[in-house]
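The structure under discussion appears below in the form of structure tokens.
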Amino acid sequence: MNGDPTAPPNPLEALPLPQLRRRTSAKWREHPADVLPLWVAEMDVPLAAPIAEALHRAIDLGDTGYSAGEEYAHALARFASDRWRWRDFPTERTAVVPDVMMGVIEVLRLVTGPGDAVVVNSPVYPPFYAFVSHSGRRVVESPLTAEGRIDLDHLGDTFARVGAAHDRAAYLLCNPHNPTGAVHTRAELEAVAALARRHGVRVVADEIHAPLVLPGAVFTPYLTVPGAEDAFSLTSASKAWNLAGLKAAVAVAGAEAAADLRRMPEEVGHGPSHLGVIAHTAAFGEGGAWLDALLGALDGQRALLGRLIAEHLPQLGYLRPEGTYLAWLDCRALGVEEAPLDGIGIVSDLDGPARMFLDRARVALSSGHVFGTGGAGHVRLNFATSAAVLTEAVARMGRAAEERVERP
Ligand SMILES: Cc1ncc(COP(=O)(O)O)c(C=O)c1O
């Protein structure tokens, strides 16, 4: 890519489709073989060499016991310092948790009580709704702006409302934001922190996509923002290095949240897998060159996707993501409606445009309506795939949209 013969090759072009189809993960098992799967957040990449080597070493040693030590947090601290200029990363205020969503829920249990409100910016990663409500908290939406960014006025009003109504309220921030790919600026995060302080709302920042910030944007760790001292963040190598099957993540507490972190139940630390910790430590510690190759490739796919949409689906709205490998496509111009179920809810979690593209184009996307208010009529497309697959998928989607006009 940059002429350096030792640089890792483009990871998105390394694996042919027949080899990917032999995978047994959700991306490859949910749909039949004629479907191009661009839905769940898994990438079509081989494992980064330092991670594969660390795992092979562990297997050869039979090093498959319980996890110990603080290597994961130390590797993350070095990465945070190098990449995000987070020099005083508080390794002493971290806990290894089973994964980001379990970490989010355990932290929310520390800072809120049953029935308390948890504010989210819709549309947002669907498990924010399910996990939060299953843990007995109430999800309160504060929708994003039309540009897919935090609406600070709306958020302030929402904080005022939930702060007045609840002893303890929280805000589950997603940065970079899934599905719009917005990378919140330092100024936006400072405004969030000021609002949260004013209204007594505790912030929990899901920063799982943080290493996946694309050229042009800068990631600001929430805990480095003034006013965020009582907040928590959750980070993991699982998105950026495709390690969702190797469970581990890190919860980080701000200085004023140290006492809360100490109340984290012991059993939470029993969840992460030792092989997961080994893989994630290798990712943050030694996976930088591989990540750079990936980011360059994703930047290329982001541009390619923009060109493909302009060519095949010009009627769609495309919010060019600043981070993640997810694109949020506004398909409302296609006029494909999700089917409501007698006003009670939505029939299926695959509906509307995503259902149409699956049925007619044999391309699997994530259906926007499950991302909450503002999601209906949209699809989320995962572009962490080869140029050939992306090109074929969007061409098929374009033909399907045309045929639907001819034969509704
Ligand atoms: C914003 C966000 N949080 C959490 C997760 C899930 O992370 P984990 O598997 O570590 O729970 C995802 C996965 O795509 C995500 O996009």
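The values are calculated or read from the model by the stated rules, or taken from the named source; none is laboratory data. Nothing here was measured: the structure is a model prediction, and the numbers come from that model. Cβ coordinates were reconstructed from backbone atoms using ideal geometry, including for glycine residues, and neighbour counts include every protein chain displayed.
Some points to look at:
- Picking from residues in segment 117-137 that are of a type outside the set (Gly, Ala, Ser) and either farther than 17 Å from Leu173 by Cβ or in contact with a Pro (Cβ under 8 Å, 6 or more places away or on another chain) (or both), the one that is farthest from the ligand (Cβ to nearest atom) is Arg137.
- Scanning segment 139-152 for residues that are of a type outside the set (A, V, I, L, M) and either without any contact (Cβ under 8 Å) to a residue 12 or more places away in the chain or crowded, with 16+ Cβ neighbours inside 10 Å (or both) returns Glu141, Ser142, Pro143, Thr145, Gly148, Arg149, Asp151.
- In segment 305-315, residue surrounded by the fewest Cβ atoms within 10 Å (Cβ to Cβ) [restricted to those that are more than 21 Å from the chain's Cα centre (by Cα), in a helix (DSSP H, G or I) and of a type in the set (A, V, I, L, M, F, W, C)]: Ala310
- Residue list for segment 257-289, restricted to those being of a type outside the set (Val, Ile, Thr), within 17 Å of Ala244 (Cα to Cα) and surrounded by 21 or more Cβ atoms within 10 Å (Cβ to Cβ): Pro272, Gly276, Ala279, His280, Ala282, Ala283, Phe284, Gly287
- Listed by first and then second residue, the pairs linking a residue in segment 56-72 that is farther than 11 Å from Leu275 by Cβ to a residue that is outside any helix (DSSP H, G or I), with Cβ atoms under 7 Å apart and 6 or more places separating them unless they lie on different chains, are Tyr72/Val96; Tyr72/Ala248; Tyr72/Val250.
- Residues in segment 139-158 that are over 17 Å from Glu190 (Cα atoms) and among the small types (Gly, Ala, Ser) were compared, and the one that is modelled with the highest pLDDT is Ser142.
- If you go through segment 109-129 and keep only what is of a type in the set (Ser, Thr, Tyr) and within 23 Å of Ala259 (Cβ to Cβ), you end up with just Thr112.
- Leu47 vs. criteria outside any loop (DSSP other than H, G, I, E, B), within 24 Å of the chain's Cα centre (by Cα) and in contact (Cβ under 8 Å) with a residue 60 or more places away in the chain: no
- Hits in segment 316-338 - residues which are part of a helix (DSSP H, G or I) and small (Gly, Ala, Ser): Ala333
- Residue that is in contact with an Asp or Glu (Cβ under 7 Å, 6 or more places away or on another chain) and not in a loop (DSSP other than H, G, I, E, B), where the choices are Leu12, Leu55: Leu12
- When segment 96-116 is limited to residues that are touching a residue at least 40 places away in the same chain (Cβ under 8 Å) and β-branched (Val, Ile, Thr), the one that is nearest to the ligand (Cβ to nearest atom) turns out to be Val100.
- From the options Asp63, Asp44, residue that is over 30 Å from Phe371 (Cβ atoms) and among the charged types (D, E, K, R): Asp63
- Inter-residue pairs, beta-carbon under 6 Å, first closer than 25 Å to Ala258 by Cβ and in segment 225-246, second assigned to a loop (DSSP other than H, G, I, E, B) and within 14 Å of the ligand (Cβ to nearest atom), 6+ apart: Ser233/Glu207; Thr235/Glu207; Ser236/Ile208; Ala237/Leu243
- Residue check for Gly317: closer than 23 Å to Asp44 by Cα and either more than 16 Å from the ligand (Cβ to nearest atom) or not β-branched (Val, Ile, Thr) (or both): no
- Hey, Arg93 surrounded by fewer than 14 Cβ atoms within 10 Å (Cβ to Cβ) and either modelled with pLDDT of 95 or more or away from the ligand (no atom under 16 Å from the Cβ) (or both) or not: no
- When residues in segment 362-373 are screened for being in contact (Cβ under 8 Å) with a residue 40 or more places away in the chain and either assigned to a strand (DSSP E or B) or over 17 Å from the mean Cα position of the chain (by Cα) (or both), 5 of them pass.
- The requirement of being assigned to a loop (DSSP other than H, G, I, E, B) and within 15 Å of the ligand (Cβ to nearest atom) is not satisfied by Pro143.
- As a summary of the residue check, Trp84 satisfies the conditions (1) away from the ligand (no atom under 16 Å from the Cβ); (2) among the hydrophobic types (A, V, I, L, M, F, W, C); (3) surrounded by 19 or more Cβ atoms within 10 Å (Cβ to Cβ); (4) closer than 30 Å to Leu295 by Cβ except for the one numbered (3).
- Any chance Asp4 is among the charged types (D, E, K, R) and at pLDDT below 95: yes
- Summed over segment 83-119, residues that are assigned to a helix (DSSP H, G or I) and hydroxyl-bearing (Ser, Thr, Tyr) total 1.
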